[in-house]
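Take a look at the structure below.
The values are calculated or read from the model by the stated rules, or taken from the named source; none is laboratory data. Fair warning: this is a prediction, and the values are worked out from it, not measured in the lab. Note: ideal-geometry Cβ built from the backbone for every residue, glycine included; neighbour counts use all protein chains shown. When the accessible area is computed, the model is the full protein with side chains, heavy atoms only, and any ligands, DNA or RNA have been set aside. Shrake-Rupley method; radii C 1.70, N 1.55, O 1.52, S 1.80 Å.
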Amino acid sequence: MKAVLLGTGSPPPNPQRRGPSTLLSLGAERFLVDAGSGVGVQLVQAGVRPYDWPRVFITHHHSDHVIDLGHLLITRWIVGQNAPLEIWGPAGTRRQVDLLLEYMHWDIEVRRHHMMDRKPPAVTVTEIEEGRLMEAGGVTVSAFVVEHDPVRPAFGYHFEGGGRRIVISGDTRPCENLIRWSQGVDVLIHECCEMAKTSWVPGCGWPTLEEKIRDLASYHTQPDDLGRVAESARARKLAVTHLMPGSEPRALEHAARRHFAGPLVVGSDLLEV
């Protein structure tokens, strides 16, 4: 089983990084975690044509993790795929998909006008809770709750197959439940949304830059905690993702190395880990 970091960015636009998304595969079986901005292009770059775009697992409903879900849904149908798109995610996923289909209804019907005997795109939605979700192609997929308050529920995912275990943290502050689910994993793909690199303008919702940093840092993992989490989980390898545009990979690696001595990569788009 392998993982490809399709998108390693965060909400602020960054020409070097697409939105959060990760592709896992074992042989021909594929799983996509999150659907950040540009995920369709990244899938094609990774060698997966739109007809074969896989089932999707959503960690939580923040916009940067789901913004291109509609693109995945409609594009695979446009190219001729009639099999339902599987979408797994937290409570609220079904309503989100219903609203997407409603939003795209006009476009779908206009396109069907040029077709013969073609049904609208089909979607199957599974709203998840913590625990084992499914087994497909020799891969077992489980979900676990992480701490991303006030977003509830928010999940990470555990994949096991081909003699390998991989965890994707989703968005979370340092979290004991994640550490439990990540014990001894081959790869821990963990977010580091470094809020010290955020910007501030009057009227943005916080009275000062310092208060914005303090607030947003309270539900993300900051550089100084990365290594502590990986070391506590006894992860064999740490891969860092969900980077802010101003974050510097060498500085992030240096911060994580204070507590974690194992193999470590600061992710870049399309990197296999």
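Checked against (1) among the β-branched types (Val, Ile, Thr); (2) closer than 18 Å to residue 243 by Cβ; (3) surrounded by fewer than 17 Cβ atoms within 10 Å (Cβ to Cβ), residue 8 passes all but a single condition, namely (3).
Yes/no per residue for (1) modelled with pLDDT of 95 or more; (2) assigned to a helix (DSSP H, G or I); (3) in contact with a Pro (Cβ under 8 Å, 6 or more places away or on another chain):
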{"residue": "24", "(1), (2), (3)": "yes, no, no"}
{"residue": "40", "(1), (2), (3)": "yes, yes, yes"}
{"residue": "48", "(1), (2), (3)": "yes, no, yes"}
{"residue": "74", "(1), (2), (3)": "yes, yes, yes"}
{"residue": "77", "(1), (2), (3)": "yes, yes, yes"}
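Condition test on residue 182, is it under 18 Å from residue 156 (Cα atoms), modelled with pLDDT of 95 or more and either open to solvent by less than 50 Å² (accessible area, probe 1.4 Å) or basic (Lys, Arg) (or both)? When the stated conditions are applied, residue 182 passes them. Within region 221-248, the set of residues being more than 11 Å from residue 192 (Cβ to Cβ) and surrounded by fewer than 21 Cβ atoms within 10 Å (Cβ to Cβ) comprises 228, 231, 232, 234, 236, 237, 245, 246, 248.
Determine whether residue 199 is in contact (Cβ under 8 Å) with a residue 60 or more places away in the chain and open to solvent by less than 60 Å² (accessible area, probe 1.4 Å). I'd like the intermediate steps shown before the answer.
On the way: in contact (Cβ under 8 Å) with a residue 60 or more places away in the chain: yes; open to solvent by less than 60 Å² (accessible area, probe 1.4 Å): no.
No, not satisfied.
What pairs can you find where one residue is in region 96-121 and within 19 Å of residue 68 (Cα to Cα), the other is in a loop (DSSP other than H, G, I, E, B), and their Cβ atoms are less than 6 Å apart, with a gap of 6+ or different chains? Pairs that qualify, where the first residue is within 19 Å of residue 68 (Cα to Cα) and the partner is in a loop (DSSP other than H, G, I, E, B), are 108/120. Counting only helices (runs of 4 or more DSSP H) wholly contained in region 181-273, the ones carrying 2 or more residues that are of a type in the set (A, V, I, L, M, F, W, C) and within 23 Å of residue 62 (Cβ to Cβ) occupy 209-217, 223-233.
Of all residues in region 166-191, those that are within 19 Å of residue 222 (Cβ to Cβ) have Cβ atoms under 6 Å from Cβ atoms of residues that are among the hydrophobic types (A, V, I, L, M, F, W, C) and open to solvent by 20 Å² or more (accessible area, probe 1.4 Å), 6 or more apart or on another chain, in 177/145.
Residues that are not small (Gly, Ala, Ser) and not in a strand (DSSP E or B) were ranked within region 127-144; the one that is surrounded by the fewest Cβ atoms within 10 Å (Cβ to Cβ) is 129.
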